[in-house]
Amino acid sequence: MYLQASESYCILVMQNGKIKMKSRPLKHFESRLFEFGWCRIHRSFIVNPMYIKEISTNRASILLETGAELPISRRLRKSVLKWRDTSI
C-alpha cells in the first residue's frame, strides 16, 4: 500500500497488514514504482494510488482504505494535486 522511510531503511506496508523492512533508501524504490503510478507524497512516504480512499487538501493528508492517514508535505502538495488530477 505504501512505503515509509526509516533512516537508511525502507518499511513496506502491505495490504494484508504485513510489514517488511528493506535495507535500501526510499529513493531506490521511488524510481522503480513511479512507472506503476505510485506517488511521492512526503519526504518519508510513497503511496500506491489503488489504496487511496480520499485526498484531503484541508488537512494535507491522504486517507487509505485501511483507515491509515499519511501526511502530504507542503513542498510536494502541488505535485500531489497535479498527480491526482491526471490519474483520474
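The values are calculated or read from the model by the stated rules, or taken from the named source; none is laboratory data. Here the structure is a predicted model, which is why all the values come from computation and not from measurement. Cβ sites come from the backbone with ideal geometry, for glycine too, and all protein chains shown count toward neighbours. Calculation scope for accessible area: heavy atoms of the full protein, side chains included, ligands and nucleic acids excluded. Shrake-Rupley method; radii C 1.70, N 1.55, O 1.52, S 1.80 Å.
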Using the structure shown, decide if residue 53 is open to solvent by 100 Å² or more (accessible area, probe 1.4 Å), part of a strand (DSSP E or B) and either in contact with a His (Cβ under 6 Å, 6 or more places away or on another chain) or more than 16 Å from residue 4 (Cα to Cα) (or both).
-> yes
Can you tell me which residues in segment 1-39 are assigned to a loop (DSSP other than H, G, I, E, B) and more than 23 Å from residue 79 (Cα to Cα)?
-> 7, 8, 14, 15, 16, 17, 18, 23, 24
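Filter segment 40-50 for residues that are assigned to a loop (DSSP other than H, G, I, E, B) and open to solvent by less than 30 Å² (accessible area, probe 1.4 Å); which is modelled with the highest pLDDT? Even if it seems obvious, please write down each step before you answer.
Initial filter on segment 40-50 (assigned to a loop (DSSP other than H, G, I, E, B)): 43-44, 48.
Then drop every residue that is not open to solvent by less than 30 Å² (accessible area, probe 1.4 Å), which leaves 44, 48.
Working: 44: 95, 48: 92.
Once the filter is applied, the top-ranked residue is 44.
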In segment 63-77, is there at least one residue being open to solvent by 30 Å² or more (accessible area, probe 1.4 Å), under 18 Å from residue 27 (Cβ atoms), among the hydrophobic types (A, V, I, L, M, F, W, C) and under 14 Å from the mean Cα position of the chain (by Cα)?
-> no
First in segment 56-69 and closer than 17 Å to residue 4 by Cβ, second anywhere and of a type in the set (Asp, Glu) and open to solvent by 20 Å² or more (accessible area, probe 1.4 Å), Cβ under 8 Å, 6 or more apart | 61/69; 62/54; 62/69; 63/54; 63/69
